[in-house]
Every structure is written in structure tokens, then in C-alpha cells.
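The values are calculated or read from the model by the stated rules, or taken from the named source; none is laboratory data. Predicted model only: the values in this text are computed from it and were never measured. Don't worry about glycine lacking a Cβ; one is built from the backbone with ideal geometry, like all the others, and counts go over all protein chains shown.
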Amino acid sequence: MQGAQYAPALPVFELAMKICMDHGDRMKDILADTAFSYARYGEETNMNPQTVFGYCLQFHELRKELNDGTIESREDVATSHTSLAQGYLLLDQPDKAVEHCQTCIDLEAEFPDHKEHGVMSQFAHIYQAWGMCGLKNYAQAAELCLKVIQYRTKRFGAQDKESIK
């Protein structure tokens, strides 16, 4: 479906959202994931930026609501800040995007794999760099991009063509 356009895929997403909403709390986690997927899909197709933002916001609010304090839930909340940053970038609000990226980075700094293994949120750094470009802070944007490049080179090798990002 990723190669499709927004309009032909709309009925599938609407059906998925309806099924989740019809089942209330029992499918709230899946509703959050569906909203996230819909926002990502909308960003890559011709969906209205305000609509994409709405799904980013829905994902963010659901993840905050579902946060039970476990590492998995906290990771989902951090991801929701990056998703919300994506929405703000689409709405040309780079200052809010940068803020949510920083929140994600700060939250993830406390996760064991980040502390013990040097894992980093690549999307949060990349979106923050885009936000910095929008704020005309090109030096900071370049610094963030370089940080991601250095991380990816160290983690996946200089000739990486297999990792997911």
C-alpha cells in the first residue's frame, strides 16, 4: 500500500480506524498504531498536512493515555513526540517540531539501550535538523545531521545498504 496514493487507500484506513474505535479500550493500542501508520502514510502521499497532523496528534494523545510506566510504553510516548514533530514540520511550525524532537531525545536518554549501548533516536535527530533548517539555524542542523551520519556509520558501517533507514 505504500506505493499507492492517499485516495485509493483511504477506505482501508477508515475501516481499520472504525474497527478499532468500535472496540473501545480493547483496541486502543491498535488504534494508536493505526493512527501512527496513517500519519506516516499520509506524509508520503498527497494527504492534507492538517489531516496528517491530526493523526500524529491522535497517536500522541493515545500513547500518553496508554503509558503504564513500562519501558515499552515510555518508548511509545517518546516515538509519539517524534510523530508529532513530523506533523508540525508539515504545518511549517519548525519551533514546535524542534521542541517535540528534544522531548523525545530527552526521554530516550533514560532508556537502558540508549545509556548502555549508545542507541539514539535517528528520526528525532533528523526531524530536529529539518526544524532547525526551518528556523534558519543551519549550523545546528548540519551538526545534527553529522551526528546521525556518524552514528549510522559506526553502527551499520560506511557502506550500509541493508539497514532499515
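Annotations for the structure displayed:
- Taken residue by residue, the range 28-43 has no member that is assigned to a helix (DSSP H, G or I), exposed (fewer than 12 other Cβ atoms within 10 Å of the Cβ) and more than 16 Å from the chain's Cα centre (by Cα).
- Considered as a group, the residues in the range 121-158 that are under 15 Å from residue 99 (Cβ atoms) and small (Gly, Ala, Ser) include one that is surrounded by the fewest Cβ atoms within 10 Å (Cβ to Cβ), and that residue is 134.
- Tally of residues being modelled with pLDDT under 95 and farther than 14 Å from residue 148 by Cα across the range 115-135: 3
- Residue check, residue 86 closer than 22 Å to residue 122 by Cβ and in contact (Cβ under 8 Å) with a residue 40 or more places away in the chain: yes
- Counting only residues that are on the phi < 0 side of the Ramachandran plot and over 15 Å from the mean Cα position of the chain (by Cα), the range 50-71 holds 8 of them.
- Scanning the range 28-48 for residues that are over 15 Å from residue 7 (Cα atoms) and among the β-branched types (Val, Ile, Thr) yields 30, 34.
- Top-ranked residue in the range 52-103 [being small (Gly, Ala, Ser), within 24 Å of residue 5 (Cβ to Cβ) and outside the structural domain of residue 28 (by TED's automatic domain parsing); ranked as surrounded by the fewest Cβ atoms within 10 Å (Cβ to Cβ)]: 87
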